[in-house]
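Written below as structure tokens is the structure these notes are about.
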Amino acid sequence: MTLIATESLTKVYGGGVTALSELTVAVEPGIVGLVGANGAGKSTLIKILLGLLTPTRGRVRVLGLDPTTDPAAVRARVGYMPEHDCLPPDLSAAELVTHLGRISGLPRTVARERASEALRHVGLHEERHRPVGGYSTGMKQRVKLAQALVHDPDLLLLDEPTNGLDPAGRDAMLALVHRIGTEFGISVLVCSHLLGEVERICDTLVAIDGGRLLRADHIAAMTSATDVLAVEVSEGTEALAARLAALDLPVSREGRLLLVPLADQQTYDLIIGAVADLDLPLHRLDQRRHRVAELFARREGSHV
Amino acid sequence: MSEPTGVIHDIGYQRYTGLRLGRRHVFGALYLHGVRTAFGLGRSAKAKIFPWLVVGIVIMVAAAVTAISSQIGESIMTYAQFADAMSWLVIFFVAVAAPELVSRDLRSGVLPLYFSRPLPHADYPLAKLLALVTALWLLLGAPQLVMFLGGAFTADGMRAVWDEVLDLLPGLLYAGLWAVVFAAVGLLVASLTGKRAFAAGGIVAVFLMTTPIVGVLSILPSQTANQLAGLASPSTLVQGIGVWTMRDQLITSPEAAGPDIGAFGPAYALAAVALVAACVALLLARYRKVAAR
């Protein structure tokens, strides 16, 4: 079954601002990354998927349902985590999530049980009984995720889940989203303006810009040919380049970096061996991040 | 519990296949939550202070009235008059409860969490409105019940108890009228702003600032203007209907004149219906707009 399908989806706001323009995309269940700069139309798309906004033109289906004609059915099966602050400060996380579980139609005791389960899954334990106002940004983001999860949806719509988090918090949140998508059996649509984050966890990537579709594809199809190792040594870059070339590795230079296409695990060993043989101070050796970004950059100039 | 070693196993995520309740239950949950919120239940101790202070005052007044009546052996205040006498406290209760019910949700941005759930747009404001009406009715009705119990226990014979019941019923109806009109106006004002202080100020302003208009209209040389003056303010509007429908309950002694509404009783009732309808319509329109944001 198709998770989300849109056909020539267009949204023009009252003031004549076009937020989405002829967007046609279909994605399969799994973790879907929706990337685009601020103002690209990500939030508008999410609101249309939830049936909160009516599209100006075009068709949309979520989990096989039409949110424009049957929003309640869609919302019963979807969990939404908004981008902005949305937690009343004087309620405890447990009370808030329980209450919202009941609004999703869970019976009272079930709502309480599932609320503490959801909070446990996002990593909030005893602190769930304290007022949300005293929580850190990371904890608040977790509560927002838990309330989207409490009624066991089939699809989660996460709008910038890593917003405001420090690097460690971002990694933890992404790991959590990945776990939900893979272990919980819930499909996830993750919105972000940071491509480098989303591409680490998603199966499918949808990139939009100015309300138009840039590209939608499986992440594997986008990155298969572009895995690259970046090597940096504090000195002797020339010598290393020559040595690697002698080992039949197609080396290219980029500033102080040497780029080597990653064929298999052996490529690592060859590079490490070469550096050790030459007795060079290795500064870093890592797999290139933002691979997909480069892919888009090549296609779209300076975007993303 | 069945695990003798007491080890907690992470059983992982459980899908939910059980019952999902329909719209009526969801509305009920939101409504009950609203009633509790109005009285500060399930909230911090700070949020309980004001509602329970007001509740304490009205109950105490009712107890005092009952005690004095039973001492001197005659009724000093009917049930409906009690509601009239407490109108100031009702205004202040609305000024605290209505912002607590709606402004706070606007402020904290929690509304997207409601509207992304299978809850029709109109249900949220309607559940809140019904909750506030209930809270106000309880606020005015509970003390009347205290007065009734006091009156019933000191009454001689079933006949007198039955008379008390016949007096109590219009009193409770009148309390309901206060509750509906004040809740509709108060909630609409509160739904316009996310700042609770502004909302509270706005509500008090709407109820109190309209009183001078009534004052001015009621001293104009035209008798029609005088008799219609009460329409200008929610409190006098409600009193006008009360005088029209249960005059003997509100005006007990010949020297207490009470507001003169002439033959305009139906006009007062129509005005109240129109006011409530307009407030509800505006409230729904307001939330249709908020939901799309």
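Are there any pairs, at least 6 apart or on different chains, whose C-beta atoms fall under 7 Å, with the first in the range B:122-138 and of a type in the set (Gly, Ala, Ser) and the second outside any helix (DSSP H, G or I), and if so, which?
From residues that are of a type in the set (Gly, Ala, Ser), the pairs are B:ALA135/B:PHE39.
Filter the range B:160-208 for residues that are aliphatic (A, V, I, L, M) and over 26 Å from B:ALA277 (Cβ atoms); which is surrounded by the most Cβ atoms within 10 Å (Cβ to Cβ)?
The residue in question is B:LEU168.
Are any residues in the range A:105-117 open to solvent by less than 10 Å² (accessible area, probe 1.4 Å) and under 13 Å from A:LEU149 (Cβ atoms), and if so, which ones?
Residues satisfying the conditions are A:LEU106, A:ALA111, A:ALA115.
Looking at the range A:233-255, I want the residues that are closer than 20 Å to A:ASP269 by Cβ and open to solvent by 30 Å² or more (accessible area, probe 1.4 Å) and have a partner that is outside any loop (DSSP other than H, G, I, E, B) and small (Gly, Ala, Ser) with Cβ atoms under 8 Å, at least 6 apart or on another chain. Which pairs are those?
A:ARG243/A:ALA274; A:LEU247/A:ALA274; A:VAL251/A:ALA241; A:VAL251/A:ALA245
Does A:VAL190 satisfy being open to solvent by less than 10 Å² (accessible area, probe 1.4 Å), in contact with a strand residue (DSSP E or B) (Cβ under 8 Å, 6 or more places away or on another chain), within 28 Å of A:SER8 (Cβ to Cβ) and part of a helix (DSSP H, G or I)?
Details: open to solvent by less than 10 Å² (accessible area, probe 1.4 Å): yes; in contact with a strand residue (DSSP E or B) (Cβ under 8 Å, 6 or more places away or on another chain): yes; within 28 Å of A:SER8 (Cβ to Cβ): yes; part of a helix (DSSP H, G or I): no.
So A:VAL190 fails the test.
Restricting to the range A:130-145, name every residue that is part of a helix (DSSP H, G or I) and more than 25 Å from B:ALA29 (Cα to Cα). Talk me through it step by step, then tell me what you get.
Restricting attention to the range A:130-145, the residues satisfying the condition of being part of a helix (DSSP H, G or I) are A:132-134, A:137-145.
Residues satisfying the conditions are A:GLY134, A:THR137, A:GLY138, A:MET139, A:GLN141.
Give the range B:39-93 a look and list any residue that's more than 14 Å from chain A (Cβ to nearest Cβ), polar (S, T, N, Q) and not in a helix (DSSP H, G or I), or say none. Outline the logic, then answer.
Going residue by residue through the range B:39-93, those that are more than 14 Å from chain A (Cβ to nearest Cβ) are B:39, B:50-93.
If we keep only those that are polar (S, T, N, Q) too, we end up with B:66, B:69-71, B:75, B:78, B:81, B:87.
Hits for the range B:39-93 are B:SER75, B:THR78.
Looking at B:GLY240, is it under 26 Å from B:LEU130 (Cβ atoms) and open to solvent by less than 60 Å² (accessible area, probe 1.4 Å)?
Answer is yes for this residue.
Which numbered condition in (1) more than 12 Å from chain B (Cβ to nearest Cβ); (2) out of contact with any Ser or Thr (no Cβ under 6 Å at 6 or more places or on another chain) is the only one that A:LEU23 fails?
Only one criterion in (1) more than 12 Å from chain B (Cβ to nearest Cβ); (2) out of contact with any Ser or Thr (no Cβ under 6 Å at 6 or more places or on another chain) is unmet by A:LEU23, namely (2).
Search the range A:118-129 for residues being in contact (Cβ under 8 Å) with a residue 12 or more places away in the chain, assigned to a helix (DSSP H, G or I) and surrounded by fewer than 24 Cβ atoms within 10 Å (Cβ to Cβ), and hand back the single one that is farthest from the other protein chains (Cβ to nearest Cβ).
Out of the qualifying residues, it is A:GLU127.
Can you tell me which of (1) more than 8 Å from every other protein chain (Cβ to nearest Cβ); (2) touching a strand residue (DSSP E or B) at 6+ places or on another chain (Cβ under 9 Å); (3) assigned to a helix (DSSP H, G or I) is the one A:ALA115 doesn't meet?
Tallying (1) more than 8 Å from every other protein chain (Cβ to nearest Cβ); (2) touching a strand residue (DSSP E or B) at 6+ places or on another chain (Cβ under 9 Å); (3) assigned to a helix (DSSP H, G or I), A:ALA115 fails exactly one: (2).
State yes or no: is B:ALA63 surrounded by fewer than 17 Cβ atoms within 10 Å (Cβ to Cβ) and either closer than 30 Å to A:LYS140 by Cα or touching a Cys at 6+ places or on another chain (Cβ under 6 Å) (or both)?
Details: surrounded by fewer than 17 Cβ atoms within 10 Å (Cβ to Cβ): yes; either closer than 30 Å to A:LYS140 by Cα or touching a Cys at 6+ places or on another chain (Cβ under 6 Å) (or both): no.
No.
If you check A:THR54, A:THR44, which single one turns out to be among the β-branched types (Val, Ile, Thr), over 19 Å from A:MET1 (Cβ atoms), within 14 Å of chain B (Cβ to nearest Cβ) and assigned to a loop (DSSP other than H, G, I, E, B)? Full working, then the answer.
Working: A:THR44 fails: assigned to a loop (DSSP other than H, G, I, E, B).
When all the criteria are applied, what remains is A:THR54.
Quick one: A:VAL60 ticks every box in (1) touching a Pro at 6+ places or on another chain (Cβ under 8 Å); (2) part of a loop (DSSP other than H, G, I, E, B); (3) in contact (Cβ under 8 Å) with a residue 40 or more places away in the chain bar one, so which box is it?
(2)
Of the numbered conditions (1) closer than 30 Å to A:ALA76 by Cβ; (2) at pLDDT below 85, A:ASP248 satisfies every one except a single condition; which is it?
(1)
Please give the helices (runs of 4 or more DSSP H) falling wholly within the range A:197-282 in which 2 or more residues are among the β-branched types (Val, Ile, Thr).
Counting at least 2 such residues, we get A:219-223, A:265-278.
Any idea which residue in the range A:63-102 is nearest to B:ARG104 (Cα to Cα), counting only those that are open to solvent by less than 20 Å² (accessible area, probe 1.4 Å) and of a type in the set (Val, Ile, Thr)?
Once the filter is applied, the top-ranked residue is A:VAL97.
Every residue, every condition in (1) at pLDDT below 85; (2) of a type in the set (A, V, I, L, M), yes or no:
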site	(1), (2)
B:GLN239	no, no
B:ARG247	yes, no
B:GLU255	yes, no
B:GLY262	yes, no
B:ALA267	no, yes
B:ALA272	no, yes
B:CYS279	no, no
B:ARG286	no, no
B:LYS289	no, no
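What's the number of the condition B:ARG104 fails, among (1) crowded, with 20+ Cβ neighbours inside 10 Å; (2) more than 30 Å from A:GLY51 (Cβ to Cβ); (3) touching a Gly at 6+ places or on another chain (Cβ under 9 Å)?
(2)
Scan the range B:43-54 and tell me whether some residue there is of a type in the set (A, V, I, L, M, F, W, C), in contact (Cβ under 8 Å) with a residue 12 or more places away in the chain and open to solvent by less than 30 Å² (accessible area, probe 1.4 Å).
In the first step, residues of the range B:43-54 are kept if they are of a type in the set (A, V, I, L, M, F, W, C); the result is B:45, B:47, B:49-50, B:52-54.
Among the residues that remain, those that are also in contact (Cβ under 8 Å) with a residue 12 or more places away in the chain are: B:47, B:50, B:52, B:54.
Remaining after also requiring open to solvent by less than 30 Å² (accessible area, probe 1.4 Å): B:47, B:54.
Looking through the range B:43-54, at least one residue is of a type in the set (A, V, I, L, M, F, W, C), in contact (Cβ under 8 Å) with a residue 12 or more places away in the chain and open to solvent by less than 30 Å² (accessible area, probe 1.4 Å).
Right, A:ALA148: in contact with a strand residue (DSSP E or B) (Cβ under 9 Å, 6 or more places away or on another chain), surrounded by fewer than 22 Cβ atoms within 10 Å (Cβ to Cβ), within 9 Å of chain B (Cβ to nearest Cβ) and in a helix (DSSP H, G or I) or not? Lay out the reasoning, then the answer.
Working: in contact with a strand residue (DSSP E or B) (Cβ under 9 Å, 6 or more places away or on another chain): yes; surrounded by fewer than 22 Cβ atoms within 10 Å (Cβ to Cβ): no; within 9 Å of chain B (Cβ to nearest Cβ): yes; in a helix (DSSP H, G or I): yes.
Spelling it out, it is not the case that A:ALA148 is in contact with a strand residue (DSSP E or B) (Cβ under 9 Å, 6 or more places away or on another chain), surrounded by fewer than 22 Cβ atoms within 10 Å (Cβ to Cβ), within 9 Å of chain B (Cβ to nearest Cβ) and in a helix (DSSP H, G or I).
When you scan the range B:95-119, how many residues do you find that are over 20 Å from A:VAL150 (Cβ atoms) and within 10 Å of chain A (Cβ to nearest Cβ)?
Let us first name the residues in the range B:95-119 that are over 20 Å from A:VAL150 (Cβ atoms), namely B:95-104, B:106-107.
Filter again for within 10 Å of chain A (Cβ to nearest Cβ), leaving B:104, B:107.
Final tally of qualifying residues: 2.
Please return the ranges of helices (runs of 4 or more DSSP H) entirely within the range B:158-263 where 1 or more residues are among the small types (Gly, Ala, Ser) and without any contact (Cβ under 8 Å) to a residue 24 or more places away in the chain.
Passing ranges, in order: B:158-190, B:196-218, B:223-228.
Restricting attention to the range A:164-177, does a residue exist that is touching an Asp or Glu at 6+ places or on another chain (Cβ under 8 Å) and away from chain B (no Cβ under 12 Å)?
Within the range A:164-177, the subset touching an Asp or Glu at 6+ places or on another chain (Cβ under 8 Å) is A:170, A:174.
So of that shortlist, the ones also away from chain B (no Cβ under 12 Å) come out as A:170, A:174.
Checked against the condition, which is being touching an Asp or Glu at 6+ places or on another chain (Cβ under 8 Å) and away from chain B (no Cβ under 12 Å), the range A:164-177 yields at least one hit.
The values are calculated or read from the model by the stated rules, or taken from the named source; none is laboratory data. Predicted model, so just to flag it, every value in this text is computed and none were measured. Neighbour counts are summed over all protein chains in view; Cβ atoms, including those assigned to glycine, are modelled from backbone coordinates with ideal geometry. Note: accessible area is taken over every heavy atom of the protein model, side chains too, but ligands, DNA and RNA are not part of it. Shrake-Rupley method; radii C 1.70, N 1.55, O 1.52, S 1.80 Å.
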